[in-house]
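Here is the structure we will look at.
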Amino acid sequence: MKSLFKRNVKHGAPPSREVLIEALRSVYDPEIAVNIYDLGLIYRLDVDDAGKVEVDMTLTAPACPVAGTLPHEVGRAIDAVPGVTDAIVRVVWQPPWSQERMSEEARFQLGLL
């Protein structure tokens with residue numbers, strides 16, 4: 001699945017990786033109530049000098065009920081960051097998601113520590 005959000009507008013320097021991660025942390029998996037970044041759903045996050053951002057993400061399961069909407073939410077969150085000129089979000093299934101991908105903070109929130 002590929003979502004494409006284009007602005008074609010320059011807003012100065014491209015955003016930093018840290019700012020993009022904060023934007024990703026504003027998106028939550030509604031079934032788990034943990035943000036998608038700490039949940040380990042983001043497999044790749046790249047930004048080039050022109051402000052083009054590419055994200056490879058997965059879902060907790062192929063039959064996830066938010067499979068049709070969550071990638072679009074990710075695209076909107078990235079697209080809203082100043083300096084982003086293009087946002088491409090791809091859903092990938094390899095490697096499969098597992099709880100080992102979660103941050104320590106996410107594991108703590110879910111009572112897994």
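The values are calculated or read from the model by the stated rules, or taken from the named source; none is laboratory data. It should be emphasised that the depicted structure is a prediction, and the values quoted were computed from it without experimental measurement. When we count neighbours, we look across all protein chains shown, and the Cβ atoms used for this are built from the backbone with ideal geometry, even at glycine.
Out of Ile42, Ile32, one residue alone is closer than 19 Å to Arg101 by Cα and surrounded by 20 or more Cβ atoms within 10 Å (Cβ to Cβ). It is Ile42.
For region 104-113, name all the residues that are surrounded by fewer than 17 Cβ atoms within 10 Å (Cβ to Cβ) and in contact (Cβ under 8 Å) with a residue 60 or more places away in the chain. Glu105, Leu110, listed by residue number. Checking the stated criteria, Thr85 turns out to be touching a residue at least 12 places away in the same chain (Cβ under 8 Å) and either under 16 Å from Ser103 (Cβ atoms) or more than 10 Å from the chain's Cα centre (by Cα) (or both).
With the structure loaded, tell me whether Asp46 is farther than 29 Å from Leu113 by Cβ and free of Cβ contacts under 8 Å to residues at least 12 places away in the same chain or whether it fails that test. It is true that Asp46 is farther than 29 Å from Leu113 by Cβ and free of Cβ contacts under 8 Å to residues at least 12 places away in the same chain. Mind listing just one residue for me: the one in region 31-68 that is in a loop (DSSP other than H, G, I, E, B) and hydroxyl-bearing (Ser, Thr, Tyr) and, of those, farthest from Val91 (Cα to Cα)? Across region 31-68, the extreme among qualifying residues is Thr60.
Is region 93-103 home to any residue that is surrounded by 14 or more Cβ atoms within 10 Å (Cβ to Cβ), assigned to a helix (DSSP H, G or I) and over 13 Å from the mean Cα position of the chain (by Cα)?
yes
Restricted to region 69-92, and to residues that are in a loop (DSSP other than H, G, I, E, B) and not β-branched (Val, Ile, Thr), which residue is nearest to Pro30 (Cα to Cα)? Residue satisfying both the conditions and the ranking: Ala80. Can you find a residue in region 55-67 that is surrounded by 15 or more Cβ atoms within 10 Å (Cβ to Cβ), modelled with pLDDT of 95 or more, under 22 Å from Glu105 (Cβ atoms) and in contact with a Ser or Thr (Cβ under 7 Å, 6 or more places away or on another chain)? Scanning region 55-67, I find no residue that is surrounded by 15 or more Cβ atoms within 10 Å (Cβ to Cβ), modelled with pLDDT of 95 or more, under 22 Å from Glu105 (Cβ atoms) and in contact with a Ser or Thr (Cβ under 7 Å, 6 or more places away or on another chain), so the answer is no. All told, Arg90 meets the bar of being in contact with a strand residue (DSSP E or B) (Cβ under 8 Å, 6 or more places away or on another chain), charged (D, E, K, R) and more than 20 Å from Glu18 (Cβ to Cβ). Looking across region 1-39, the residues that are acidic (Asp, Glu) and either under 26 Å from Cys64 (Cβ atoms) or at pLDDT below 95 (or both) come down to Glu22, Asp29, Glu31, Asp38.
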